[in-house]
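Take a look at the structure below.
Bear in mind these aren't lab numbers, they're just calculated from the coordinates by the rules spelled out. This structure is a prediction, so every number in the text was calculated from the model and none was measured. FYI the Cβ positions are ideal-geometry reconstructions off the backbone, even for glycines, and counts take in every protein chain you see.
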Amino acid sequence: MWTLYSSKTSPFGRKIAVGAGLCGVSDRIRTIVSIPRDPDDPIRSINPLGKLPTLVMDDGEALFDSPVILEWLDAQAGGGRIVPNGNRRFPALRLQAVGDGIMDASILQMSERRYHEGEAYSVAWADHQREKVIRGVVFLERNLQALSGEPHVGHIAAACALGYLDFRFDGFWRPGHPALEDWLEAFEAAVPSFRESAHSA
Ligand SMILES: N[C@@H](CCC(=O)N[C@@H](CS)C(=O)NCC(=O)O)C(=O)O
C-alpha cells in the first residue's frame, strides 16, 4: 500500500487522485490529509519542501512533486498510460507545465490574500499572477488539439487547473472560452476519478 499525503483543497493532490484512477491503481493508495501550514504536520519531516502531494512508496521513500509522482504511477501501471511515449510525449508534458503553472499562480494569489492582509496586500503582485492564469487559459484553449485522444498528464493538469479556478475563483475563466468549457465537461464525463476527487473546503 502506498501513502498519499494530500488534501481536498489541493489541485496538485487532485492530479494524483485523477492519475491513479486512470492508471488503475487507486486501490493501492491510502490518503492522509495534511495541513502544510501546521508546524506539527508530519509532512514537513517526510518532504523537505513540506508540500502536497507527497507519496510514500512501499520502501518508505517519499516521492514529490506531482509530475514525478504521476510518472512513477504510470511506470507502476506498465508505462505509457498517462505519460505518452513518442510524438505525444513533449506536447503532453508542455500542457502539464501550463496547467501546473496556472495552479501555482492561483495558489500564489490565495497566499497573498491569506498572508498579506490590509496594506501589506500587493495588488500588483496578485495581478501579475492573475495575468499568468489568463494567458494560461488562452493557451489551453488554443491547444485543444493536444488535449484530444486518450487522457494524459496534460489533460489531468489542465482539468485540475480549471477545476481549481472554479473552486477558488468562481469559474472566472469560463466567459469567452466555450470550447474549453466543453472540453472540461467531456473530460469530467469520461473520467470518474476526476468527478470523485472534486474539491471541498
Ligand atoms: N510543484 C508542486 C507544487 C505543490 C504545491 O504547491 N502544493 C501546495 C498545495 S496545493 C502546498 O503544499 N503548499 C504548501 C506550502 O508551499 O508550504 C507539485 O507539482 O506537486
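FRET efficiency for the pair Ala75 and Ser45, taken as 1/(1 + (r/R0)^6) with r the Cβ-Cβ distance and R0 = 35 Å, rounds to 0.85.
Residue-wise HN-Hα couplings along the stretch 104-113, as the Karplus relation 6.51 cos²θ - 1.76 cosθ + 1.60 with θ = phi - 60° gives them from phi, are 4, 5, 5, 5, 5, 5, 4, 5, 4, 5 Hz; Gly and Pro carry x. Which residue fluctuates the most in the chain, going by a Gaussian network model with Cα springs under 10 Å, if the choices are Ala17, Ala146, Ala120? Looking only at Ala17, Ala146, Ala120, the largest GNM fluctuation is found for Ala120. Exposed loop sites here are GluC sites (Glu not before Pro) assigned a DSSP state other than H, G, I, E or B and surrounded by at most 12 other beta carbons within 10 Å; excluding them, the longest clear run of the chain is 118-201. Label-to-label distance, Ile134 versus Arg195, with points set 7 angstrom from Cα along the beta-carbon direction: 3.5 nm. Remark: the stretch 34-44, residue by residue, has Karplus-estimated 3J(HN,Hα) of 10, 10, x, 6, 7, x, 8, 5, x, 4, 5 Hz, where x stands for each Gly or Pro and the curve is 6.51 cos²θ - 1.76 cosθ + 1.60 at θ = phi - 60°. Among the chymotrypsin sites (Phe, Trp or Tyr not before Pro) found in the stretch 114-197, those both in a DSSP coil and sparsely packed, with 14 or fewer other Cβ atoms within 10 Å of their Cβ, are Tyr121, Phe169, Phe172. Scalar couplings 3J(HN,Hα) for the stretch 62-74, obtained by applying the Karplus form with A = 6.51, B = -1.76, C = 1.60 to θ = phi - 60°, are 9, 10, 7, 9, 4, x, 5, 5, 5, 4, 5, 4, 4 Hz; x denotes Gly and Pro. A Förster distance of 22 Å, applied to the separation of the beta-carbon atoms of Asp127 and Arg94, puts the FRET efficiency at 0.30. For the chain, adding -39500 (n - 2.57) for each run of n ≥ 4 DSSP H residues and dividing by the number of residues yields -17500 deg cm²/dmol at 222 nm.
Close amide-amide hydrogen proximity is noted between Thr31 and Leu4, each under 5 Å apart and 5 or more residues distant or on a separate chain (H modeled in the peptide plane; Pro and chain starts excluded).
The fraction of all Cα pairs in the stretch 2-76 landing in successive 10 Å bins from 0 to the largest distance is 21, 59, 18, 1, given as whole percents.
Distance from the alpha carbon centroid of the stretch 163-188 to that of the stretch 1-78 works out to 25 angstrom. Both radii come from the Cα set of the chain: Rg as radius of gyration, Rh as Kirkwood radius; their ratio Rg/Rh reads 0.96.
What's the longest uninterrupted piece of the chain once you rule out the trypsin sites (Lys or Arg not before Pro) that are loop residues per DSSP with at most 16 other Cβ within 10 Å? The segment 38-201 is the longest one with no such site.
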